[in-house]
Structure formats: C-alpha cells, structure tokens
1. Have a look at A:266, A:280, A:256, A:287 and point out the one that is modelled with pLDDT of 95 or more, farther than 23 Å from residue A:223 by Cβ and not hydroxyl-bearing (Ser, Thr, Tyr).
2. Please find, within region C:230-252, the residue that is surrounded by the fewest Cβ atoms within 10 Å (Cβ to Cβ) out of those that are β-branched (Val, Ile, Thr) and over 11 Å from residue C:209 (Cβ atoms).
3. Quick check on my filter: what residues within region B:243-263 are away from chain A (no Cβ under 12 Å) and either of a type outside the set (Gly, Ala, Ser) or in a strand (DSSP E or B) (or both)?
4. Of all residues in region A:58-95, how many are surrounded by fewer than 21 Cβ atoms within 10 Å (Cβ to Cβ), of a type in the set (Gly, Ala, Ser) and not in a helix (DSSP H, G or I)?
5. Right, residue A:240: within 19 Å of residue B:299 (Cβ to Cβ) and either in the same structural domain as residue A:154 (by TED's automatic domain parsing) or in a loop (DSSP other than H, G, I, E, B) (or both) or not?
6. Would you mind stating whether residue A:126 is in a loop (DSSP other than H, G, I, E, B) and either at the interface with another protein chain (Cβ under 9 Å from one of its Cβ atoms) or within 25 Å of residue A:244 (Cβ to Cβ) (or both)?
7. With respect to the numbered conditions (1) out of contact with any strand residue (DSSP E or B) (no Cβ under 7 Å at 6 or more places or on another chain); (2) surrounded by fewer than 20 Cβ atoms within 10 Å (Cβ to Cβ); (3) free of Cβ contacts under 8 Å to residues at least 60 places away in the same chain, which one is the sole condition not fulfilled by residue A:144?
8. I need the full set of residues from region A:299-329 which are in contact with a helix residue (DSSP H, G or I) (Cβ under 6 Å, 6 or more places away or on another chain) and either assigned to a loop (DSSP other than H, G, I, E, B) or over 20 Å from residue B:280 (Cβ atoms) (or both), in order please.
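The values are calculated or read from the model by the stated rules, or taken from the named source; none is laboratory data. This one's a predicted model, so the numbers in the text were calculated from it and none came from an experiment. Here the Cβ positions follow ideal geometry from the backbone for every residue, glycine too, while neighbour counts run over all protein chains shown.
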Amino acid sequence: MHPADYLCAMQLTAKEIARLLGGALEGDGDVVVDRPGKIEEGGEGALTFLGNPKYEVYAYSIRSSILLANKSFEPAKPVAASALIRVDDVYEAVRQLLEKFGASERSNGQVSERSFVHPSAKLGLNVSVGTYTVIEEGASIGNETILSPQVFIGKNVEIGNGCVLYPGVKVYHGCKIGDRCVLHANVVVGGDGFGFAPQSDGSYRKIPQIGNVVIEDDVEIGANTTVDRATMNSTIIRTGAKLDNLIMVAHNAEVGENTVIAAQAGIAGSTKIGRQCRIGGQAGFVGHIDVADGTQVQAQSGIAAAIKEPNQAFYGSPAIAYKDYLKSYAVFKKLPDLYRKVNELEKKLRDK
Amino acid sequence: MHPADYLCAMQLTAKEIARLLGGALEGDGDVVVDRPGKIEEGGEGALTFLGNPKYEVYAYSIRSSILLANKSFEPAKPVAASALIRVDDVYEAVRQLLEKFGASERSNGQVSERSFVHPSAKLGLNVSVGTYTVIEEGASIGNETILSPQVFIGKNVEIGNGCVLYPGVKVYHGCKIGDRCVLHANVVVGGDGFGFAPQSDGSYRKIPQIGNVVIEDDVEIGANTTVDRATMNSTIIRTGAKLDNLIMVAHNAEVGENTVIAAQAGIAGSTKIGRQCRIGGQAGFVGHIDVADGTQVQAQSGIAAAIKEPNQAFYGSPAIAYKDYLKSYAVFKKLPDLYRKVNELEKKLRDK
Amino acid sequence: MHPADYLCAMQLTAKEIARLLGGALEGDGDVVVDRPGKIEEGGEGALTFLGNPKYEVYAYSIRSSILLANKSFEPAKPVAASALIRVDDVYEAVRQLLEKFGASERSNGQVSERSFVHPSAKLGLNVSVGTYTVIEEGASIGNETILSPQVFIGKNVEIGNGCVLYPGVKVYHGCKIGDRCVLHANVVVGGDGFGFAPQSDGSYRKIPQIGNVVIEDDVEIGANTTVDRATMNSTIIRTGAKLDNLIMVAHNAEVGENTVIAAQAGIAGSTKIGRQCRIGGQAGFVGHIDVADGTQVQAQSGIAAAIKEPNQAFYGSPAIAYKDYLKSYAVFKKLPDLYRKVNELEKKLRDK
C-alpha cells in the first residue's frame, strides 16, 4: 500500500488548492494532484513543495504537477511544475493540507467484546475501547476518547475528552489525563518513582510512591516514554507540552506549558522545567532544580544546576552557555597544538 | 481523586505520630492530619516535613498541622505548624509513614478467566494472574506473586515468591526471577543479546542467544527497561539491585548486589558491575570490563575501561576521576581566554 | 532450568564436532560434550572455547571435555581439555554450533482462539498468531511468520515471510516489514513522527504524520526500540540492518544496508545513515544530514553535521575525527597543569 493512500480521496486541482490555502496561482489551474511528493522526486499527480532554499534546483529540473513555494520565492528560471502556488508560509500550508487530508483518528464508539471494563468504570459518550484493553475499577474515560487495543487503565484513573491512547499504553492507578492528549504505543504513565532509602547493611528499602501523575490538556507523548508517579503529590505535564519517544520524566518533576522535549531526554526527580522550553534529544537534567521559561538545551547536554534567567541556550555536560561551549570546544579541538605551543614557549623562555 | 486518597484512612493525631516515630512532640498533640503535604504549601490537615535546610523559611511562614523535622533543627523563630515533631532522621520517618499508610500491592489470589495459563504451568499459593496475561508451558510462579494484566511469561520461566510484575512486562523463555522482585510496566527480560557475526559480503549472521537472564531477590526494575539474555550462561542482576526506567543491560552483563542505576543508563555486553555501586542517569559502560565495588559514576559519563580500585567516583566521556574532570572542565570553560593568552605570550616572546 | 537445556539434544563427540566444523582434532575423539561452557569454569561435558588470548592461561589449568581454538593457537603447555579442536575462526565455529543446536523459533502454524484476526486480514501458510494478539483490517502476514502473544498489527500492515515478532510488538497502520525480520518485545513501529508547528500564541499544532515505516529484509530490532512513521513518504530501515534495544529512529530517517546500531542511540528526523556503518551506544545524530557509508561512531558521540567521506571514525559531542578527539582529550585531562604553566609563563615574562 502506498503511503499516499492515507490521503483519502485527495483529488484536487491547483485552483482548489490555491483557494484553500489563500495562495497565488500561476500556470495550469486545472492540473490534478493525488498525493504529496518530494521535490527531488516529483512525478505526475505529485504536489511538491519548496521550503529549504537548497532544494531550489529541483524546482527547475524535476517535473511535478503542483509546486508550493513561499511568496518570497522568485524563480530564477521557469519552474518545472505544471502549476506554481505561492503562499505566506509553505510549511504552514503543508500542515494545513496534511491536516485536511490525513486520516485523523476518530472514535467509532465501539467497546470491543474482547475488552475488560470494570462495572464501576465510567465511559463517556462515543468512547472506543479496543480489543484486549483493560479498564479497572473506578476509572473514568471522557467523551470521544479512543483506547486502542491492549491498553491498560488502572484503578481510579481519570482520562478526559478526545484523547487517543495507542496500543500497549499503560496508565497506573490514580493518574489523571486531561483533554485531547495523545499517548503513543507502550507509553507508561505512573510507574513508581525511583526512591529507596539506604540501610545500614548496604541494602535499600523502597520508599512507597503514593502520589500520581497529572497530564493536563493537549499533551502528546511519544512511544515508550515513561512518566513516573510522585512520591507524594503529583508529577505534572502541563498543557500543550510535547514529549518525543523514550523520554524519562522522574517522580515529582514538572514539565511546563508548551515545552517541547526531543527523544531520549531525561528529567530527574523534582526538577521543574518552565514554559516554552525546547530540550534537545538525549539531554539530561539533574534532580531538584528549577529551569526558567524559554530555556533551550542542546542535544546530549547535561543541566546540572538551576537556570534562573529565561530564554537562554545551553550546551555541554555539565552545560554552560551555548555560545561559550562552542567557543571552548573550538579551542578543545586545537588542544594538541596549544599544548605543544606552551611547551615550546616554556623551553624558549628557559633558554633565554 | 486526590493522590492523598491513597493514604487510606490516614487520620492521625500528632501524639499518635510522635509515638509511632519515637519522636519528640511540641505544641498541640491533638491536631489531626489526613495527608502529607509540601512544606511550601502546607494547609490544615497537612503533615509537612523539613529535610533540606533551604526550605527552613517555610517552617516559620506557612501554616500546616504538623511539621516533622530532624532533632538537630533549632527553630530560629516559632514554627507556623500547630505541632512540631522532631525525629532522628526525617527522611527515614517519612519513609516509615509512607510504608505504613501507602497502599501496598497485595495479591488477591485471583486468576482471571481472561488469562491464559498453560496446563503445565505451576502456580504457587495465592498467585494473582491478571486479565489477558499469558503464562506459557512449564513456567512456575511462586506464592503471593502478582502478575498484572497483559503480562507475558515465556516457557519454563521461574518466578519466586512475593513478586509484582506490572502490566505489559514480558519475560522470555527460560529466565529466572527470585523473590520479592518488582518489575514495572513494559519491562522486557530475556530478549536476544545483540550478537551478529560479520560475513565476507558485508552482511551479518545472527549468533543465537541460548543463555538466559537470572534476576536474584529484592530487585526492582523500572518501566521500559530491557535486560537481554546471555549468548551462553546468564545475564545476572544480583540481590537488592535497583534499576530505574529505560535502562539497557546487555547480554552476559552482571549488576552487583545493592547496586543502584539511574534511568537511561546502558551496560554493554559481558561487563560486570560490582556491589554497592551508584550509577547516574544516561551513563554508559563499554563491554567486557569489570567495575569495582562501590564505584560511583556521574550522570552521562562513559566508562571506557576497567575500574579496579573500589569506591572511586568518575565523570566525563571517556570518564576520568570525578575531581579531575571537574578541574579540567573548569579550565575548559576558560579555553578561549587561555588560547588568547598563549598567543599573546608567543607574540611577546617573538617581539622581545 | 539450566540454560544449557536449550541446546536440545546436544550430545556430540569430539570427532563429530571436528567433522562438523572442519577442524583439526587432537586428543580423545570419543569424549562427549552436552553443553557449552566458559573456559574459566570448564567441567566435564563442557565444550569451551579460546577466543581472546588473555584467557589462554585457563586452557592449561581448567579441565573441560573439548576446547575449541584458532589454528594459530600454539599451546605453550599441554591443554587441560580431553580434546582440542582447532578451526579457522573460533567465533564463527561457535556461531555455527549455536545455530545448529540452539532452539530456533519455528512457526507451529497455530492461530490462537484467543486472538483477534480481522476477517479481511490475510494470513500466509503456517503463520502463528499468539494469544491476545490483534491483527486489524486489511493486514497481510507472510508464510511461516510468528506473531507472538499480545502483538498488535494495525490496518493494512504488510509483513513478509519468516519473520518473528516477539510479545508486545506494536506495528501501526500502513507499515511494511520484509522477510526474515526479527522484532523483539515491545518494539514500536510507526508511531507518529515528532512534528509540531509553532503557533503565534506559543502553542504547537500537530503536523499530521501520513507516511509510514518500511523495514526491508533480514532486519533485527531490539526490545523497546521505536521507529517513527514519516510525515510523508517512508522512514526506512534497509536490508540487513541490525538495531539494538531502546533506539530511536525518527520520522523520515533512513538506516542503510547492513548498518549496525548499538543500544540507546538516536537518529533525528530525515537523517540518512549510509551502508555498513557501525554506531556506538547512546550516540546521537542531528536531523537532516547524510552520513557516508562505513562511518563508525564511538558510543555517546553526537554527530552534528553531514559526513561525506566514507569509512571514517568519529568521537565526541559534537563529534570530530576519532583520533583527534582522543588527542584533544588527552590534553583535556592535563588542562589544570597547562593552565598553571601558562600563568607561570605569563608571570615570568612580566617579571623579565
């Protein structure tokens, strides 16, 4: 099956697309497209787009049916597409088209006979419950929410309206998820925080983790990410936060509103990340610190202390100011030379 | 549902708590608490505690019903709580309270009708088998062990007494788990080790992995962690080891007794970590090395060679002695200055 | 159960093994082995092998029934084993033995009554469908393929012949998997790529991910690894690639033929890794770059820019040439000395 099959019934003329996007049309308004395509591959029926200027060469050399470009694009030569549509923001235009034509998940309201729903659980209107999914005692699921197959919803869990939980998601008892959240396959919400008290004989005793996880609205969490429950109170993911795959959010941590975290990053216990932060992949945060709003952290960096000033960028492990790290690292690469030079200077001075 | 609801029936007076903890009581012995609370939030009915001295200011300014503190705490002003209880170790006291009042997992001894238990599998006394859980041929499960929903137990797996396996745990054939182990959701035990033999045409042929995984007693493993089976013999997690989420333990590795490993760390094949080690998050270990008892590894560090001396701390990638890394990194931050200085010295010397 | 029990019916004489491997036999050709063993442990009935020369001492001191060694091995003393078999490549010989005697997964062709197979799904010949596995509408599964328990196969997924999907694997709609692929427990294929468009109010809107994942033939993927679906077109894992556990492959990325990636590495969106690369554990790749064939990346390194020259090795974050990193890092360790020296030089020069 061709991936473009997901663009259900996308059969649109250049005129229709131009109208839909509020774009300026040049060329053949009647040409029809049936799929998106890469500008470097093109093809008849393909809707291609030019975002990154380094691909401009293909706009002239590779044929496609429609080329989308920014208004600022001034073709140096005739474009190879049958029609050119220019819009304010080509990426936003593509997003709109994908949203319009992509198959979005809609609840079919079916509760599989091969699921287990505890009699005390409350299901809202038009909830889907997939095959082999389990909903335990006292849980409540909001309207239009989709629980895919093989999902586990623990006791007294509350999930809001319009959520999608993909196959294999596990939500432990007492956790709360708001509206319009998306949790991808095998995400784990509410596992015990990692808390152990050292004993005099060298062993550790478990500190019971009796808090929960609260995920607010419009949060998306990628596959196999884990968010641990709090020791007391709540681990919190604020409204609009987006977490990629394989991320670790430890007990009592908090992720601020509209903060975006790339894959495999880790946030240790009780650390509070502010709003509108952007965290790179494989970055790590030590526990018990506050991180200011708008902080940007480069991939693989390690934040080892609180960040008080907002909107700053960091790099390195332990992380320092982004630009400082780059400057220091530029010298790091020359260290063998520097070392040699210092030894020569020392020798010269000694010889004088 | 308020997370404090998990503190089932916690309705205790200051006197009762003081007696329970063997602590010294000041103030109103009859005040009642019904939940734990943060010292900076307090509130009527809240039991708060002062561990970290940087929160001392709240002890005077935020009202709560009971404040727990260390014996060494000498209030500079009157505390805002109705009662103050002083104990030898406030963290241990909190742990005891949580243990006493937290809802601990107890087996209800029910085997779900919607589970699959092979006729040849042996279940001990009072074992719980959750909905849609699978127990294959020849497996044996010890007394009081809880298998949550959607767990998979492969052929001939042996699990001891009093274990809890959370939803989605997968244990491959032939692996062994001791007593009182806790495996969080979607943990995978016994997947094939990553072994492939390069062939002359550039492809790789799989080396069959015919060993197993042995997890001893009192081990806890966090959500989505993976422990691979050995090529031959066993990958071993020793008694009392605690592993956080999203950790990788490769084939034929060994984790020593009471060693604690933070999230997203990785241990490559055949590496043997000693006892009582503390490993930071996102740290990595190269394969085929021995790491001495009591080793401490800073988060994100990379251990690239054997560690022979016990109780040493390491940092960096590749890791060096912790203090040496900090000293070198302090200079790293000044490298642009150092570079400039050396060039100036060179010039000066040339000009002389 | 002893792990060696997996070597079903391994009861072979030294003569038989020598013939099987085309090796040269010395000593007692009639001695029988029934299990593999470690050279440092040996024992009667154990087949041990000497690969790494640092274990040579055990060849003389620890008794076993058969010792396998390379042809180049010239014993300095009599070996302690009853028989010595010398072969061209001891690792390849061990692999062959494991392959011959290890229990390999073979489909039993049973479709569990406790599985859900949509009537429109197509199953090839002799397909196994495990307990509580779900196969959605329009999916097709090739001959001899094994779907273990609790697997999820989404709509219109295509899986080839002779694959093994271990428990808990989740494959989202529209993804394609070739022949002879192995996916370990809880792998997620086809979760949405991490694409969000920033809005003027600081929030993010999801960019629908309408592409898929294509996994070619002979690919193995370790437990809990995630491969995200493309925004448009396909995320691709080429023939013969081997991915370890807990790896992240982001949307529109491509992993080349016979490329091997160790655990917890991450590849950001649209990055294309060439053929025959070897990527260390916890390494990371920035998005939108091409990485040349035969590239080697040291564990924990961060590849921040395109790599054009093939067969080069890299280290560091951001990564530089492997040897250069080692040289710079050698000076990094001496930075406190260097710093002191430069200050002394400065002082001397000032004092002159």
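1. A:287
2. Selected residue: C:239.
3. B:249, B:251, B:252, B:254, B:255
4. Adding up the residues that qualify gives 4.
5. So residue A:240 does not fit the description; no.
6. So residue A:126 fails the test.
7. The one condition residue A:144 does not meet is (2).
8. Across region A:299-329, the qualifying residues are A:313, A:327, A:328.
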